[in-house]
Amino acid sequence: MAFSLLSRTSANSLRKVATPIGFRSLPVLRQYSSANTACEESEPNFLQCVEQFFDKAAGVSGVSSNTLAAIKRVDAILSVSFPVETDEGKEEIIRGYRAQHSHHRLPVKGGIRYADDVDMQEVEALASLMTYKCAVVDVPFGGAKGGVAIDPKKYTPAQLERITRRFTMELCQKNFIGPGIDVPAPDVGTGPREMSWIMDTYRQFNPSDVNSMGCVTGKPISQGGVRGRNEATGLGVYYGVREFMKFPEVQKKTGLSGKMEGTRVIIQGFGNVGYWAAKFFEADGAKIVGIAERDCAAYDENGLNIDKLLEYKQKNGTFRDYGCQIIEDPIKVMEMDCDVLIPAALERQIGLKNVKNIKAKIIGEAANGPITPGAHEALVESGKVVIPDLLLNAGGVCVSYFEWLKNLSHIRFGRMNKKWDELGKSQILKLVEENAGRKLTESERRNVIHGAEEHELVYSGLEDTMINACEETRATANELKTCYRTAAITNAIRKIATVQEGSGSLFTNRG
Ligand code: NAD
């Protein structure tokens, strides 16, 4: 494994000394919480879940134990605490984390989460998943993840800006951010606004970095973002489920026809990923019969209108009193009858405690880690199809990669070739019209010669990526006669191993 960024020793020492001079230093605790779960307390925590899934795939991957050990461990960890002033003029200490799981490719990449129960094990788990996810969809990055332990709803925009800028300052000082080092993105509780604050702060520390826009992705379009990033994860979820529904072995297992029209879908979480997944399923004819949020769930056997529901939720802060059935205990909606269940909120939502109640035929993991290993085994044994997170929610990092490429090339996709493509197509069309003896109408002509816009190129790149990754996962599952999760992680391990072993930097004495 290459150590071009930080040695493991210096990374470990950062665990202890990550607080900058001039600010109060707090001891760094490795608190491994199990909050926000639907599963038994006796089940593994999130990091242990990811490690158990990895171990299972490692066992069938055919990769050497030295390489496996190097892939599994986290390369560098940063834990910081810093003060911010509250509205009452008091000082509050905020905890922030960043884990860089694998430097086998640089930069490392992964979101930053704002949630009050964020801790180091969660960030390590998510960083590991990012490494495997990037490999599964051939995005040439290592994995990373960050988190700030706050409930963003309890802070004003001005306070959130101060917290975000201050956390970014910590990342800059510790060399944990940069277009060639570590590139954050949005996750739970963060979005384009936070990403633009991150970029602006990074630029203040690195005014001469010509590639500074590439230090973070998921930015607003006006700040160097790419069209399509906002909806990318939800769109990737839709593409992935659509592909799996086409596989004959999935149709045989589930009894589903493979057509999206009329497919009954339930979604947990109506945030960025849940909303966009719902939108794309709905647009292709699926019926979104249930959506769970923190406080309650909306249910309508005839299908919910996604944009109306969003408008209502944004206005009222809840689904309550929206014209549909309201289910008070939101986790219960996941247990209702449907074809496809999409957990798109948090980790460990389906555990041993509730897995026996899950009726969906396909469970598509839009969230990271929503199913524990015990529950996953039970689902697979009962003939259900689980499409794993590292494959299904990879649309976000895939389009983040496109955004990073756009930032490094300093040009919008399509700018150089759009008119050229249109000219070439209209010349061919002219010849065809002359031979066919019929002229196209103006709207037919526009459709045929239309050169691709940036968002069309992004959608097309994402669709192609998801189709290939689903097909590769399916092929390995069939080859090894294993579940799709083990197959996807095995593919990731094999790809990472070729880079690591090829570099030779860690394995100078291997035979
Ligand atoms: P988000 O903050 O935009 O949305 C999460 C939603 O889930 C919120 O509306 C929240 O109220 C809801 N929620 C929280 N707890 C819940 C509960 N117990 N029951 C029902 N709803 C609950 O976050 P997001 O970006 O949509 O991320 C959702 C999941 O997808 C996370 O696991 C995240 O790591 C994963 N993910 C996100 C991206 C991305 O691009 N944003 C990419 C890959 C994976």
query: In region 267-299, which residues are more than 13 Å from the ligand (Cβ to nearest atom) and open to solvent by less than 40 Å² (accessible area, probe 1.4 Å)?
result: Phe280, Phe281, Gly285, Ala286, Ile288, Val289, Tyr299
- request: Report whether or not Val265 is part of a helix (DSSP H, G or I), within 30 Å of Ala185 (Cβ to Cβ) and touching a residue at least 60 places away in the same chain (Cβ under 8 Å).
  value: no
task: Residues that are surrounded by fewer than 22 Cβ atoms within 10 Å (Cβ to Cβ): find the strands (runs of 3 or more DSSP E) completely inside region 304-378 holding 2 or more of those.
output: 325-327
message: I'm trying to understand the selection: among the residues of region 406-421, which are of a type in the set (A, V, I, L, M) and part of a loop (DSSP other than H, G, I, E, B)?
response: Ile411, Met416
query: Filtering region 209-250 down to residues that are part of a helix (DSSP H, G or I) and among the charged types (D, E, K, R), which residue is most open to solvent (accessible area, probe 1.4 Å)?
result: Lys246
field: Filter result for Leu160 (within 14 Å of the ligand (Cβ to nearest atom) and over 20 Å from the mean Cα position of the chain (by Cα))
entry: yes
message: Among the numbered criteria (1) more than 19 Å from Thr86 (Cβ to Cβ); (2) free of Cβ contacts under 8 Å to residues at least 60 places away in the same chain; (3) within 16 Å of the ligand (Cβ to nearest atom), which one does Ser222 miss?
response: (3)
- line: Note on region 60-80: residues open to solvent by less than 20 Å² (accessible area, probe 1.4 Å) and either closer than 17 Å to Asn491 by Cβ or assigned to a loop (DSSP other than H, G, I, E, B) (or both) are Ser61, Thr67, Ile71, Asp75
field: Candidates Glu51, Glu85, Glu122, filtered to the one that is in contact (Cβ under 8 Å) with a residue 40 or more places away in the chain and surrounded by 24 or more Cβ atoms within 10 Å (Cβ to Cβ)
entry: Glu122
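The values are calculated or read from the model by the stated rules, or taken from the named source; none is laboratory data. Being a predicted model, the structure only gives us computed values, none of them experimental. Methodologically, a virtual Cβ is constructed for each residue, glycine included, from the backbone with ideal geometry; neighbour enumeration extends over all protein chains shown. Accessible surface is based on the protein model in full, side chains and every heavy atom, while ligands, DNA and RNA are left aside. Shrake-Rupley method; radii C 1.70, N 1.55, O 1.52, S 1.80 Å.
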